[in-house]
1. Could you look through region 33-67, keep only residues that are in a loop (DSSP other than H, G, I, E, B) and in contact with a Leu (Cβ under 8 Å, 6 or more places away or on another chain), and pick out the one that is most open to solvent (accessible area, probe 1.4 Å)?
2. Which residues, counting only those in region 17-32, are under 23 Å from residue 111 (Cα atoms) and open to solvent by 50 Å² or more (accessible area, probe 1.4 Å)?
3. If the requirement is being exposed (fewer than 10 other Cβ atoms within 10 Å of the Cβ) and either at pLDDT 80 or above or outside any helix (DSSP H, G or I) (or both), which of these qualifies: 287, 274?
4. With respect to residue 244, is the statement that it is part of a helix (DSSP H, G or I), free of Cβ contacts under 8 Å to residues at least 12 places away in the same chain and open to solvent by 100 Å² or more (accessible area, probe 1.4 Å) true?
5. Any residue in region 22-51 that is under 20 Å from residue 177 (Cβ atoms) and basic (Lys, Arg) sitting within a Cβ distance under 6 Å of a residue that is part of a helix (DSSP H, G or I) and modelled with pLDDT of 90 or more? List the pairs, counting only those 6 or more apart or interchain.
Amino acid sequence: MVKKGFFMTLNQMFDFTPVYIYIVAAVQLFIGFSLSFAIGQILPLRIREFMYYLFSFLFLFIPFLYEIATANVQSGMRSFLFYLALLITIFLFTKESFLKKLSLFFILVFFDGILEIVICSLYWKGICEKLFGLHYTPYINVPNQKVSTILIFFLPVALAEIAFNFLFPLLWKRYIRFIHLTTFVEMILLPVLCTNGFLIFLPELFGMTGWILLFFILFVLSLLFLHSVTQIPVILKQIRVNKEKKKRIEKQIFIYKQYQEQNILLRRQNHDMNNHLQALSFLLSQNRIDDMKKYIKELLKE
């Protein structure tokens, strides 16, 4: 009877959950997987790549089930479970230091959140309202429950976000990794945690105590943010120095390649010269003077 009641509850849950909950939950699942992919391309892994992606997908499936079960895709607890799944994946299956793992996590979430805000503002306010006549209040609801309307609202934004996450490792290797990570994390912690709804789970779980913790965390994050702002000139100088170092290294590599090519050419010429001298020596030993003269004339023509 318990099993029957459990499955009846599951059936009711899946029957009455709105269609847009399924779509948004699935979209957020794949966005989370793209974030895991970016992390796996940057940090060295403890396990095989396939197993890393498999475990990350399984961990991210927990917030997906929570969204379906609660029919809520914007709660603080959902954000907490989503980012907790990413953090568990990073700390269990990658090899770098604690600070580098945490820094990369917040940097990636920061860029992903900024991209989402920019794309959503441009796309929903521009294309959706101008071309389709659909008016939308972000993070509240879509204008109607039609699958086509839901896909128009969420699919292009999600695809752009996922594409950015797949390209993020290239940005990291070329630019971001040269920035001082501690200062950068101090700068982005406040906007990241304030815009993604991550801290809302504290009042949801602990009531008034949660609000006190929330304000204390925001106060500390504000101090860190102000400290990081004072470090902006240092960061800009570091970026400039890194660019100059990169140019010098590229110039040295170019000179080295030229030297290598000249060295190879000289070796080829020495090899050919040795062959010619051996041929002339052989003709001389056979007293074939006329053949030697012909051979020398052919060499002069070349």
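1. Start the filter on region 33-67 by keeping residues that are in a loop (DSSP other than H, G, I, E, B), which leaves 43-44, 46-48.
Within this subset, residues satisfying the condition of being in contact with a Leu (Cβ under 8 Å, 6 or more places away or on another chain) are 43, 46.
On the way: 43: 7, 46: 134 Å².
Among them, the one singled out is 46.
2. The one that is under 23 Å from residue 111 (Cα atoms) and open to solvent by 50 Å² or more (accessible area, probe 1.4 Å): 30.
3. Numbers: 274 fails: exposed (fewer than 10 other Cβ atoms within 10 Å of the Cβ).
Among 287, 274, only 287 is exposed (fewer than 10 other Cβ atoms within 10 Å of the Cβ) and either at pLDDT 80 or above or outside any helix (DSSP H, G or I) (or both).
4. Taking the combined requirement at face value, the residue does not satisfy it.
5. none
The values are calculated or read from the model by the stated rules, or taken from the named source; none is laboratory data. None of the values given here were measured: they were computed from a predicted structure. Methodologically, a virtual Cβ is constructed for each residue, glycine included, from the backbone with ideal geometry; neighbour enumeration extends over all protein chains shown. Side chains included, ligands, DNA and RNA excluded: accessible areas come from the protein's heavy atoms. Shrake-Rupley method; radii C 1.70, N 1.55, O 1.52, S 1.80 Å.
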